[in-house]
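Undergrad: Encoded as structure tokens, here's the structure I'll be asking about.
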Amino acid sequence: EATVDIDIKSKPSQPHWYERYVQPCVAEVLGSALFIFIGCLSVVENVEGTGRLQPALAHGLALGLTIAILGDI
């Protein structure tokens, strides 16, 4: 019978300083900028029929996109 040797590489016990400090800050800045930028762009037009739905949908979609892209950080 043949046995298979599998080399399992363990992760370091603590994450690198970049993953611990820099990545969350960059993700926060990018997520906030995207959220604010898309939210402000959704109300730039001065149209009477826009109402409250367009900004609400734009903010909701921007938040969903931000979570989908940066959620694992």
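The values are calculated or read from the model by the stated rules, or taken from the named source; none is laboratory data. Keep in mind that what you see is a predicted model, and the values were worked out from it rather than measured. Heads up, the Cβs are rebuilt from the backbone with ideal geometry, glycines too, and the neighbour counts pull from every protein chain shown. Quick note on the areas: whole protein, heavy atoms, side chains included, nothing else; ligands and nucleic acids left out. Shrake-Rupley method; radii C 1.70, N 1.55, O 1.52, S 1.80 Å.
Undergrad: Heavy-atom accessible area of His59 with all protein chains present, probe 1.4 Å, nearest 10 Å²?
TA: The accessible area of His59 comes to roughly 60 Å².
Undergrad: Would you mind giving the three semi-axes, in whole Å and largest first, of the ellipsoid equivalent to region 17-71 according to its Cα gyration tensor?
TA: 30, 10, 5
Undergrad: Averaged per residue, what accessible surface does region 17-71 expose to a 1.4 Å probe, in Å²?
TA: 78
Undergrad: Ile67 versus Ile8, label points 7 Å from Cα toward the beta carbon: distance in nm?
TA: So the two model labels end up 3.3 nm from each other.
Undergrad: Accessible area of region 17-71 with a 1.4 Å probe: how many percent of it is carbon plus sulfur?
TA: Heavy-atom surface of region 17-71 belonging to carbon and sulfur, 1.4 Å probe: 69 percent.
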